[in-house]
Amino acid sequence: MRYITFALAKGRLAKKAMELLEQTGITCQEMKDESSRKLIFVNEEKKLKFFLAKASDVPTYVEYGAADIGVVGKDTILEEGRKLYEVLDLGMGKCRMCVAGPGTAREYLQHHELIRVASKYPNIAKDYFYNKKHQTVEIIKLNGSVELAPIVGLSEVIVDIVETGTTLKENGLEVLEEICPLSARMVVNQVSMKMENERISEIIKNLRQVIRKRDQREA
Ligand code: PRP
């Protein structure tokens, strides 16, 4: 039997995803040692491998088949535009992709003005403004702390993730338009889905059950 390999977006998401997997009987003791600098972890008994990667690289590993399964945010899946199957909404890390800015920028959006849009997600921003709104804008790619851009005059608005809205509020910004809801998803390599269908379907089925029970408890 060959190994099924999981690529997990490192950070909070990976920890939560492992907790879900654990409830389906998939564990990886090695991974719990937080002092370890190891990059790859093995469950010999179940023939599973796990590795942590930068979120934006997870779809790449999965498209090329270096990982059979990935766990990553919908934001990254949309931004990277890789060829893969999205098979499951894990229902965690729920937030929204939004256009945000000072209240005064609202009219620029209404009048479809040629404004500057700063974002860590240039592809999502481009798709939204060009294909959905048919508004010509200039997209400026940033790598973090995007809320700074309208404050210091780099751009009129931003496209960014809003979870609680606290970051926006504390910086005098607000949600101007909602682009889409986001959450963590499980993705699968297209060839693996066929070649390892039995094992992967079983994993999906068990996860779906655990998620359903969790959601019933929380309802
Ligand atoms: C994300 C996002 C916002 C913030 C939203 O930033 O880019 O800045 O979280 O959360 P809130 O609505 O609950 O305030 P992240 O922590 O990923 O850091 P970065 O964008 O600066 O890289």
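The values are calculated or read from the model by the stated rules, or taken from the named source; none is laboratory data. Predicted model, so just to flag it, every value in this text is computed and none were measured. We place every Cβ from the backbone using ideal geometry, glycine too, and count neighbours over all the protein chains shown.
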What are the residues in the range 66-99 that are β-branched (Val, Ile, Thr), within 21 Å of Tyr3 (Cα to Cα) and touching a Lys or Arg at 6+ places or on another chain (Cβ under 7 Å), if any?
Val72
Would it be correct to say that Glu113 is over 30 Å from Gly70 (Cβ atoms), away from the ligand (no atom under 16 Å from the Cβ) and without any contact (Cβ under 8 Å) to a residue 60 or more places away in the chain?
yes
Tell me, yes or no, whether the range 51-59 has at least one residue that is within 13 Å of the ligand (Cβ to nearest atom), free of Cβ contacts under 8 Å to residues at least 40 places away in the same chain and not in a strand (DSSP E or B).
yes
Matching residues, the range 5-15, being surrounded by fewer than 21 Cβ atoms within 10 Å (Cβ to Cβ) and assigned to a strand (DSSP E or B):
none
Picking from Lys126, Lys141, the residue that is touching a helix residue (DSSP H, G or I) at 6+ places or on another chain (Cβ under 9 Å) and basic (Lys, Arg) would be Lys141
When you look at Phe41, is it in contact (Cβ under 8 Å) with a residue 40 or more places away in the chain and crowded, with 17+ Cβ neighbours inside 10 Å, yes or no?
no
Residue count, the range 16-45 (criterion: in contact with a strand residue (DSSP E or B) (Cβ under 6 Å, 6 or more places away or on another chain), modelled with pLDDT under 90 and in a helix (DSSP H, G or I))
2
Identify, please: which residue in the range 119-147 is among the basic types (Lys, Arg) and surrounded by fewer than 16 Cβ atoms within 10 Å (Cβ to Cβ) and is, among those, farthest from Glu80 (Cα to Cα)?
Lys133
Tell me the helices (runs of 4 or more DSSP H) entirely within the range 148-219 that contain at least 3 residues that are buried (at least 16 other Cβ atoms within 10 Å of the Cβ) and either within 16 Å of the ligand (Cβ to nearest atom) or not polar (S, T, N, Q) (or both).
197-218
Under 7 Å between Cβ atoms, which residue pairs at least 6 apart in sequence (or on different chains) link something in the range 131-150 that is farther than 15 Å from Glu113 by Cβ and of a type in the set (S, T, N, Q) with a partner that is modelled with pLDDT of 95 or more and part of a loop (DSSP other than H, G, I, E, B)?
Asn143/Lys120
Taking the range 72-118 as the search range and keeping residues that are in contact with a Phe, Trp or Tyr (Cβ under 7 Å, 6 or more places away or on another chain) and among the β-branched types (Val, Ile, Thr), which one is surrounded by the fewest Cβ atoms within 10 Å (Cβ to Cβ)?
Ile115
Pairs with Cβ under 7 Å, 6+ apart, first in the range 154-171 and closer than 12 Å to Cys98 by Cβ, second more than 6 Å from the ligand (Cβ to nearest atom) and among the polar types (S, T, N, Q)
Ile158/Ser119; Val159/Ser119; Asp160/Ser119
